[in-house]
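In what follows, a single structure is set out as structure tokens and then discussed.
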2 protein chains.
Amino acid sequence: MKTIRKLGDVLRCFTAEEPEHSVTALSRLTQNSVSGTHDLVDGMAAIGLLHKIQRGRYRLGPLVATLYHTLEDSSVLLGAARPVMARLLADHGETLHLTMHDHGRLLLVEAMDGSRPLNVSPTVIGPHLMLHEAPPGRLHLASFSPARLQAWLDQHSRPGGAVISRERLVADLQRIARDGFDSGPVGEDADLMCLAARVLDHAGRAVAVLSMTVPEGRHARQPRAFRSVTIEAAQQISVRLGYRAAL
Amino acid sequence: MKTIRKLGDVLRCFTAEEPEHSVTALSRLTQNSVSGTHDLVDGMAAIGLLHKIQRGRYRLGPLVATLYHTLEDSSVLLGAARPVMARLLADHGETLHLTMHDHGRLLLVEAMDGSRPLNVSPTVIGPHLMLHEAPPGRLHLASFSPARLQAWLDQHSRPGGAVISRERLVADLQRIARDGFDSGPVGEDADLMCLAARVLDHAGRAVAVLSMTVPEGRHARQPRAFRSVTIEAAQQISVRLGYRAAL
DNA sequence: TGTCACTTTCCGGTAATGCCGGAAAAAGAA
DNA sequence: TTCTTTTTCCGGCATTACCGGAAAGTGACA
């Protein structure tokens, strides 16, 4: 299904930072011919996935909004997570994210903006991050099957490498998988501390990750408290999904 | 681009009422072979547009949420409409919709739930409606080019027909285009009164329709007031988009 | 206004691949 | 278990997505 993969590549080019693209820009980004990209983009605009503002200016289209509304109405995960996240936000005012992963990519399902005078921008966590670069992604990695993890590592730890020490990462992931929790900076930014906890569904499968990202200063004052409220909230979501802790 | 059209067809099968489908169900709905549908759905799940819950149970996927968040952050229309709609909701408490259209289909961009004891369900307006069945869609039709309207009519007024009187509809559309406003029931439901007004962008093009749907009883009491607040709100959105009324 | 540089759009030939029916595998139902 | 239903896999064929090149369109600049 080459067409669909390309379609996905094109869709992923549209981000909050770059919400608008021309045909040539997309063809460069996706490494395809201009004319081929034109056909693709034209089709996507025809079904409403993209919207053609002007000659050669494309943005995400109205179908995205339509689909999102049905997702919103029907997603058990969102339904379970929203109230818990809202409560967490009300209590602590820190920036929150709910993520999933998809074929080695981090997907942002829900983001809530912190309400404090000094708080973390909600855009720090997003699809632009490699999985291993921040706690949410590492938690996703930690729930990969061994074979899948192998494949991911083979793909990303090769040349000069995104992953510096493969052995180190694997060891970390084992610990993370055991705890269902990870914390650390986001990428290289030592001013941020991201705390991430696993969300499990009724069958005990890892379906998502809840994370709270706070300024390192505030975190340093009471690290254990932050850790426990994050884990606690993630567990509440899991329970709402039908997970029973003590089986 | 057959693949993309099919992809669109599949996506549109997912609604708030039917958020989950099996492969065979989708193949029936889209009138394609089971195996072909399987390939398609598999690919869509691979890029995250769909999510495979279990063997043969598909829902919309996390990519939809991700894309929506970037749309939300970047869409000038949403940015302009949201505050106006929120204000309108606060003032009157009636159910609101912001729609666009796409190749003869009604697309729901934003919906806000009424806050009164008796109010209209937000699901009455949606992609399931034919364009001519409710005021928002008629307003979209009214801004079609003559040729495009011809094509649409040819397609929908044929056999025993969705459109009963073609001449009547055309006359109505001319009036609607002139006023930038339409009101009437939603489909056959005479208990509902939907008031819809056109939203124009900086270049004076019709980009969306704002509508307010109220119980007929409340509407009958002060029809002119409802009409004017709806038109007023739509104009506010247009102005926020850069439209200048008195050119 | 005319020229130039660039981008988008159109178009036809061809290699690739999406599509289909049929078989196998998996999951329930009884 | 056995039977039924649904999903998944597979190979061959026809369709079509893809590409390069040409044409049309757009904006910049003098």
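The values are calculated or read from the model by the stated rules, or taken from the named source; none is laboratory data. Model, not experiment: these values are computed from the prediction. No Cβ is skipped: glycine too gets one built from the backbone with ideal geometry, and neighbour counts run over all protein chains shown. Protein only, heavy atoms only, side chains kept; ligands, DNA and RNA dropped before computing areas. Shrake-Rupley method; radii C 1.70, N 1.55, O 1.52, S 1.80 Å.
Note on exposure: B:Ile231, B:Ile4 ranked by accessible area (1.4 Å probe, complete protein assembly) read B:Ile231, B:Ile4, with the most exposed listed first.
If you model region A:2-65 as an ellipsoid using its alpha carbon gyration tensor, with each semi-axis the square root of five times an eigenvalue, the axes come out at 15, 13, 12 Å, biggest first.
Separation of region A:24-93 from region B:105-129 is 21 Å, based on Cα centroids. The mean of 1/r over all distinct Cα pairs in region B:1-112, once inverted, gives the Kirkwood hydrodynamic radius of 15.9 Å.
Mean per-residue shielding of peptide B:46-52 is 6, counting Cβ atoms of other chains within 10 Å of each Cβ.
Give, rounded to the nearest 20 debye, the magnitude of the charge dipole that the protein assembly as shown has about its Cα centre when Lys and Arg contribute +1 at Cβ and Asp and Glu contribute -1 at Cβ. The partial results should precede the final answer.
Details: 56 positive and 50 negative charges, 106 e Å.
Dipole about the Cα centre, nearest 20: 500 debye.
Per residue of the protein assembly as shown, the DSSP helices (runs of n ≥ 4 H) give a summed -39500 (n - 2.57) that works out to -15000 deg cm²/dmol at 222 nm. Distance between the pseudo-spin-label points of B:Arg55 and A:Glu188 (7 Å out from Cα toward the beta carbon): 4.9 nm.
The spread of Cα positions in chain A, taken along each principal axis and listed from longest to shortest, comes to 55, 41, 39 Å.
Would you work out the charge dipole size for region B:78-182 about its Cα centre, treating the Cβ of every Lys and Arg as +1 and the Cβ of every Asp and Glu as -1, and quote it to the nearest 20 debye?
On the way: 11 positive and 11 negative charges, 39 e Å.
Here the size comes out at about 180 debye.
How big is the Kirkwood radius of region A:144-238, worked out from every pair of different alpha carbons and given in Å to one decimal?
On the way: mean 1/r = 0.0677 Å⁻¹.
Final number for the Kirkwood radius of region A:144-238 is 14.8 Å.
Computed on protein heavy atoms with a 1.4 Å probe, the accessible areas place A:Leu29, B:Leu192, B:Leu78 in the order A:Leu29, B:Leu192, B:Leu78, largest first. Taking the Cα centre of chain A as reference, the dipole from Cβ charges on Lys and Arg (+1) and Asp and Glu (-1) amounts to some 400 debye.
Cβ-Cβ distance of B:Thr24 and B:His103, R₀ of 22 Å, FRET efficiency by 1/(1 + (r/R0)^6): the value works out to about 0.25.
Which FRET efficiency value, to the nearest 0.05, is calculated for A:Arg116 and B:Cys13 with the Förster distance at 45 angstrom and r the Cβ-Cβ distance? Provide the component values of the computation, followed by the final result.
Working: r = 43 Å, r/R0 = 0.95.
In this case the efficiency is close to 0.55.
Scanning chain B for trypsin sites (Lys or Arg not before Pro) lying in DSSP loops with no more than 13 further Cβ atoms inside 10 Å, the longest uninterrupted stretch between such sites is B:56-204. Within the shell of other residues whose beta carbon sits under 10 angstrom from the beta carbon of A:Gly43, the net charge comes to 0, with Lys and Arg scored +1 and Asp and Glu -1. Within the assembled protein chains, the solvent-accessible surface assigned to B:Thr24 is about 70 Å², based on a 1.4 Å probe.
Label positions at B:Gln31 and A:Val76, each projected 7 Å from the Cα along the C-beta direction, are separated by 3.5 nm. Once Rg and the Kirkwood radius are both taken over the C-alpha atoms of region B:171-215, their ratio Rg/Rh works out to 1.04.
Looking at chain A, identify the longest residue range that excludes and avoids all GluC sites (Glu not before Pro) in DSSP loops having at most 16 other Cβ atoms within 10 Å. Please list the in-between numbers first.
Details: sites that count: A:Glu17, A:Glu20, A:Glu188.
The segment A:21-187 is the longest one with no such site.
Shown for B:Glu232: label points 7 Å from Cα along the beta-carbon vector, and their distances to the equivalent points in the other copies, 4.7 nm in ascending order.
Histogrammed with a bin width of 20 Å, the alpha carbon distances of the protein assembly as shown distribute as 21, 53, 24, 2 percent, first bin at zero.
The peptide list A:60-67, A:79-86, put in order of mean Cβ contacts within 10 Å with the highest first, becomes A:60-67, A:79-86.
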